[in-house]
Structure formats: C-alpha cells, structure tokens
1. Of the conditions (1) within 23 Å of the chain's Cα centre (by Cα); (2) open to solvent by less than 20 Å² (accessible area, probe 1.4 Å), HIS122 satisfies every one except a single condition; which number is it?
2. Which residue is modelled with the highest pLDDT, if the candidates are limited to segment 364-378 and must be out of contact with any Gly (no Cβ under 8 Å at 6 or more places or on another chain) and within 11 Å of TYR418 (Cβ to Cβ)?
3. Of all residues in segment 207-226, count the ones that are open to solvent by 50 Å² or more (accessible area, probe 1.4 Å) and closer than 18 Å to ILE289 by Cβ.
4. How about segment 83-119: which of its residues are open to solvent by 60 Å² or more (accessible area, probe 1.4 Å) and more than 17 Å from GLU168 (Cα to Cα)?
5. List the number of the failed condition for GLN241; all other conditions in (1) closer than 30 Å to ASP128 by Cα; (2) surrounded by fewer than 18 Cβ atoms within 10 Å (Cβ to Cβ) hold.
6. Return the pairs, sorted by first residue and then second, in which the second residue is among the charged types (D, E, K, R), the first residue lies in segment 166-182 and is in a strand (DSSP E or B), the beta carbons are less than 6 Å apart, and the residues are 6+ apart or on different chains.
7. State which residue is modelled with the highest pLDDT when the search covers only segment 114-135 and only residues that are among the aliphatic types (A, V, I, L, M) and assigned to a strand (DSSP E or B).
8. Being over 25 Å from the mean Cα position of the chain (by Cα) and assigned to a strand (DSSP E or B) narrows it down to one of TYR138, TYR188, so name that one.
Amino acid sequence: MKLRFISASLLSIFLSISSFAFADKKLPDDQFKTFLQESKIEPGNLAKDQELIRKLSIPQLRQMVESFNVGHYGFLHPMRIEGKELPDLLGRKFSELSLMAVWDGKLKAIPFQFDEFDSKSHYIYIPDINKSPVAGTYLQLDPKDLLIFMYRDAGEKAYNPQSMKLSEGKILKELKIKDSNGNTRYAYIVENNSERSSADYIRADLEHNKIISSYYHVEYDPENFLNFKDVRPYVGTAADQRVIDNVYFELSANLSPLFRVGMNSARNVRIKVLGVKDGPVRATALVKIVIVLRGKVPIFSMNSEISFYEQGMVMPNRTEVGKGAIFVKLFQDPEILMYADMNGLEGGRVSAQTFLDEKGDRIYGKIDGVMDEEETKAAGAGLPGDWTWIESGLGWDIFMSFQLPMEHLEGMSLSVYYNDDKNDTNDFETFPGAGPKIGMVLNGLPTDIRALETLDME
C-alpha cells in the first residue's frame, strides 16, 4: 500500500515544523543527542516526555523529525486501513490482534487502535451512545472498520525470522507502506501476542473539557464545542500561546424578497459532546448540533463528529442533514460563511493552492493586520484549492485542507474567505480583529439536499 493523504474532509488542520530559522531556547547538545538515541529505541518514546519536547529549539525539532526518515508530512501522518483491505483477517476479534514493527533490531509493539462505526450514518461507534447499532459485529474486524496507527511508527526494516524472535503469537500479515520517494516501511499484524505499547498520543479529558496531545491541547466550552476556549501548541518560540480564537460560521438567507434572516455559530448553534472514542492514535468525538432561535428555541438538530490526532484535527467528517433538509427548503439565495479565526501570527504569511498572480507565480499574504492589494486579489480568487498553508513565524506551520467532492454539491458556488484586517471585529472574539480569518464562503444549496445525508466526506 502507498502512503496516502488523510482523505477528504470539510476542514483538516495539521501542524508541522516550520522551515523558518530561529535563535531561541535549546536543549544542551549532549541531552539532545541522548534524546534522539532514546527516541529510536522504542516506538512512542517521543510522547513520553512532553516537557523535554517543549525545551527543543526549532532546529532541534526539525532535526528530530528528519531523523525518522519519513519527511515532515510522514512524521505527522496517521495511517488508516479499512478492514476490507485486510480480507484474510475479517471476523477476527480485536483482542486477538496487535500491531508490531522492527525497532532497535527487535519486533516491538507500536501504538494502534481499531475504530468501529454505526450501521446508519457511519459515525464513530461508542457503546451506549449511538442510537444505531454497530456495523458488523462489535469488537470484531469488519470491512468498514479502521486500523489506525502513525506512519512513523512503522519500521524502516522488515522482520527477519532468522535473526529476530517473536516472543509469543504468530504474524498474520506484513504491511508494506511505500512513500512518494520510494521508501518502504513495515508493520506487522500479530495474533495472540500480549505486548502493547504504553504510548498515548492523544487523550480526551471529558471531565475538564480538554483534548490533550503531545504537541498541543484544546479546551472547549461544554455548551458549545466550536467555542474553543483555548487552543495552543507546546512547541515553538511562542509555546503555550493561544493560536485559534474560534471556529465560526454563519448562515443568511431570504425567506421572502423583502425579508432576510441570519444565524451564526455563536448565537444560534449549540454543539454538545455525546461521547468520545479515545484511542492512543486518535480521539473522535460524537457531537449533537442543535440550531436554536432566541438563544433557546430549538429548530432542528443533527449529529456530526470531529477527530483529533497528535498534530491535527479533522472536522466535521460527516454530517447528518435529517430534519434540516425540510427546513432549508424555505431558504432563498442562502450564503454560508465558515472560517477559523487565528491569533498571534503577526509576521507570518499565508498562501493557498490558487493564490497565484497573472504569471502563475505564488502569492503570499503577509499577516500584519492590513489587507494589501495582493491579499485582496487572492481573497477573490475563488476556491483556495485543496490546501491552505500558514507559516506562523513561531516555529511551526499550519496545513489546512478543504476537500469537497463537487459532484455532490451541484447548485452551489464556493470561494475562499481570507481576512487580515485587525479592525474587523465582532462580539464573539476573545482577541479582537482578524488574526487572520481563513475559510470559505458557500452560496446556494445543493440541487439534491438529501444527497448530503449519503455523502461520506471522509
């Protein structure tokens, strides 16, 4: 199998180490050398000392990533393999299966998880939470189940049965993963082996409304999940600085030629976490979205989900339109605006796949609180393409992916939304002004609104 991009979603955000040069904090060379050596002995060692990671300089972080020989993209990439890609293992109990790779000349357990989904909407399955039953058989491998692990945890070397001993159990399948440079890494599905990695890359703390990873944490409002009260990285020159003010969307539409209404995520949307499937590689929250008027009168509700990884988040994977399909038929000329309002990125720059000038040269927007001519031109360039890239200037970058299958959205038009105006404020911000705001604008509705219910956006 080949290394594949984490597949299509409405909004994916991933952090990577910046190529900017910095003179900042630095771990002493002897400690750093020991850190690199120990990180290669056991898969998941990097996640076991968060305080040490905080002390690394940006060049040291970059050297750490590159020492794994997977590239920056491969370092943060989660592998997701559907059960149907493992036909010989279908029907096997999860408790009998584990994942291993060659590290330090030995076959060792690596962090992994199996995720299951419900049979109706393909939401993450959480016992006693989903209204629909699990697809297939609970706790057994079915065609739509997912095996998830980090690409970098796969071994650079293949297992050699002559020189390496498997302490217990039997190897059922070798997974060969080839990247775009032709390099191959190996992982092994093993049966009846009791070894498990203790590494935990992502943790959901529902009691304190937090999602915590090795490199960042998110604190959210329990009454409205999209109201991120605190999103901050642990690395870089401004570690522990809040970098996302909020994730915002608004809808406006005509109910008649003379009457236009509007609602937004701050006033009219309540998103509550119903439950979380918390594994060592990703944590997926099943959420309920309720649209309300006047702050409390519910109009309709629908479910959705959001997945958190060690260095990223994907939201939403899919959304159930439900009764909203009837409601939106009342709309005329609707417009939907959605964006992430960033914070503290002054001095960085932003670009996107379609940010090009007349000659085809790349346009970069300088994050300085002012919309200059190039930024204004780029913001009117239509869709951003498949990606938007933010060079924060703080030692890490943000890669945002907007992937929407247009064949399912016939009848709509989409364009990029970019705003770097520090004077553009609203009542819902913690940090006034665009910092910048990056997202998209959708006009119109799909010709077949019900088709959205069958749209698998992951």
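The values are calculated or read from the model by the stated rules, or taken from the named source; none is laboratory data. Keep in mind the model is a prediction, meaning the values are calculated, not measured. With ideal geometry, Cβ positions are generated from the backbone for all residues, glycine too; neighbour counts draw on all protein chains shown. What goes into the accessible areas is simple: the full protein's heavy atoms, side chains included, and nothing from ligands, DNA or RNA. Shrake-Rupley method; radii C 1.70, N 1.55, O 1.52, S 1.80 Å.
1. The failed condition is (2).
2. Once the filter is applied, the top-ranked residue is MET371.
3. 2
4. LYS84, GLU85, PRO87, ASP88, LEU90, ARG92, LYS93, ASP104, SER119
5. So the condition that GLN241 fails would be (1).
6. If the second residue must be among the charged types (D, E, K, R), the pairs left are LYS170/GLU191; LEU172/GLU191; ILE177/ARG185; LYS178/LYS2.
7. Filtering segment 114-135 down to residues among the aliphatic types (A, V, I, L, M) leaves 124, 126, 129, 134-135.
Narrowing further to those that are assigned to a strand (DSSP E or B): 124, 134.
Numbers: ILE124: 95, VAL134: 98.
Residue satisfying both the conditions and the ranking: VAL134.
8. Details: TYR138 fails: assigned to a strand (DSSP E or B).
Among TYR138, TYR188, only TYR188 is over 25 Å from the mean Cα position of the chain (by Cα) and assigned to a strand (DSSP E or B).
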